[in-house]
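This report refers to the structure that appears directly beneath it.
The values are calculated or read from the model by the stated rules, or taken from the named source; none is laboratory data. Because the structure is a prediction, the values reported are computed rather than measured. Here the Cβ is made from the backbone with ideal geometry for all residues, glycine too, and neighbour counts use every protein chain on show.
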Protein chains: 2
Amino acid sequence: MSHTLGIRQAQKQKTRQAFLDAALALLEEQSLSSLGLREVTRAVGVAPTAFYRHFRSTADLGVALVDEALGSLHPMVRTTVSTAGGSEERIARAIELIARHVDTHPAHVRFIARERHGGVQPVREAIRAQLVRFAEEVKAELAKDPEAAGWNDDDLLMLAHLYVDQMLITASLFLEALEAPAQDRERVTQVATRQLRLITVGRSHWLDQAGRAATDT
Amino acid sequence: MSHTLGIRQAQKQKTRQAFLDAALALLEEQSLSSLGLREVTRAVGVAPTAFYRHFRSTADLGVALVDEALGSLHPMVRTTVSTAGGSEERIARAIELIARHVDTHPAHVRFIARERHGGVQPVREAIRAQLVRFAEEVKAELAKDPEAAGWNDDDLLMLAHLYVDQMLITASLFLEALEAPAQDRERVTQVATRQLRLITVGRSHWLDQAGRAATDT
DNA sequence: TCATCCAGTTAACAACTGTTCTCTGGAATT
DNA sequence: AATTCCAGAGAACAGTTGTTAACTGGATGA
């Protein structure tokens, strides 16, 4: 399909990546809507006009960053949700995964948390689309679980969204505690674990009270 | 304590409020970190330097907006959580409250959602402080409930945080559906209701599995 | 009534912004 | 070997930004 990519295209992709890296670094202390084109080119070390060879605007760059931050995360989430084991072990593994990801990719996590409700519409939309994909994937995995017997599609999807949102909240908490003492980080782990546990308890007793919900449509 | 406030101070507060209103309107399409001082004064219709009579910086203005948006909300939350009735009715009333608040104060809600993880540290901190207050108040109300018997303080607080975060998520969903057809808004109501219901189910069976959690500290 | 205060004005500053057009030199194609 | 292509450079543009200093005029308090 692709044969080693000519030296020209390779250079282009290299500077493109330099743009993404520089922007991500600059975005640790501001929002995308205040990120200047010249600011980025200055950080990369190229002329302002070089920017246009790669992106139409900073919003365009932002969308590319969304793909970089979330695009490669789908397999990870899939396997984490699907792997066997008791619910308690799965919870521990999920939170461990989040903590590790925040440690290794703090700027990416910060960017997503910040721009999810940020001031740039195309970026918000790109993030929303990715999160919907995550929810659908989680739902698909949940459906395989024997505990999902008797659940309808709507309820499975709402549970999946609950899990996804909870993962984002947890990631954001770990981010806030990144430079804090280990004690604080453990506290985050503990709270997040219990919240996930409570949701799981609710899940396992969901059908007990399904009768009550028969009136709302 | 205060006797009608001299005509001078009154005028000052009036223009100060004009600053807050103008900023809030401008922030519907951008983040605080990109909001310019001159931009605001232009919208208000005063000279740029007049800004300094009221705020040190746009970050300072942002903190004032946080107080305006969340400060007066505490009594509302308190009464909504505490009022009697079955859990099902309380859930419906809470979601109704959120939907109504988003309808009447969309810009405030958007501002909080946007700047909670935004690029301006003092504003993030101000929002965080307010949310912690909300969580503590919710916890205090939950503690009064007979269902809270046997719960320890840590678990009550983690449940309270779960509720607070869930309210923000719901508010943000209503916001996205603000200009959407009624069908979409009902869908949000339905999903939010079920998510809250699931959390409540988890809450009522929480103590059943408390033994399992005895190993983590 | 007169002196003080102070919210808002005016003018000016150096520095910065996004975007355009033209040019260049090495890679890619023929 | 000759030609085309195109990532990046360079210069210039009209506008914008935050901040300073010195001012005005009506409300305030003696």
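Listed residues A:Lys139, A:Lys144; which is more than 10 Å from chain B (Cβ to nearest Cβ) and surrounded by 19 or more Cβ atoms within 10 Å (Cβ to Cβ)?
Selected residue: A:Lys139, the only one of A:Lys139, A:Lys144 that is more than 10 Å from chain B (Cβ to nearest Cβ) and surrounded by 19 or more Cβ atoms within 10 Å (Cβ to Cβ).
I'd like to know if segment B:148-167 contains one or more residues that are under 23 Å from B:Asp103 (Cα atoms) and facing chain A (nearest Cβ under 9 Å).
yes
Restricting the search to segment B:43-56, which residues are over 24 Å from B:Gln121 (Cβ atoms) and away from DNA strand C (no atom under 11 Å from the Cβ)?
Hit for segment B:43-56 is B:Ala43, nothing else.
Please work out which one of (1) modelled with pLDDT under 95; (2) out of contact with any Ser or Thr (no Cβ under 9 Å at 6 or more places or on another chain); (3) within 10 Å of another protein chain (Cβ to nearest Cβ); (4) in a helix (DSSP H, G or I) is the condition B:Leu198 fails and give its number.
Going through (1) modelled with pLDDT under 95; (2) out of contact with any Ser or Thr (no Cβ under 9 Å at 6 or more places or on another chain); (3) within 10 Å of another protein chain (Cβ to nearest Cβ); (4) in a helix (DSSP H, G or I) one by one, B:Leu198 breaks only (1).
What tally of residues in segment A:1-17 results from selecting those that are surrounded by fewer than 15 Cβ atoms within 10 Å (Cβ to Cβ), away from DNA strand C (no atom under 13 Å from the Cβ) and not polar (S, T, N, Q)?
1
In the list B:Leu24, B:Leu61, B:Leu35, B:Leu20, which residue meets the criterion of being within 13 Å of DNA strand C (Cβ to nearest atom), among the aliphatic types (A, V, I, L, M) and buried (at least 18 other Cβ atoms within 10 Å of the Cβ)?
B:Leu20
Need the failing condition index for A:Ser31 against (1) more than 16 Å from DNA strand D (Cβ to nearest atom); (2) closer than 25 Å to B:Leu32 by Cα; (3) not charged (D, E, K, R), just the number.
Result: A:Ser31 fails condition (1) only.
Identify, by number, the condition in (1) closer than 28 Å to A:Gln13 by Cβ; (2) surrounded by fewer than 18 Cβ atoms within 10 Å (Cβ to Cβ); (3) modelled with pLDDT of 95 or more that A:Phe55 doesn't meet.
Every condition holds for A:Phe55 apart from (2).
How do the pairs read when you match residues in segment A:31-58 that are touching a residue at least 60 places away in the same chain (Cβ under 8 Å) with residues anywhere that are loosely packed, with under 13 Cβ neighbours inside 10 Å, using Cβ under 9 Å and keeping only pairs 6 or more apart or on different chains?
Hits for this filter: A:Ser33/B:Glu29.
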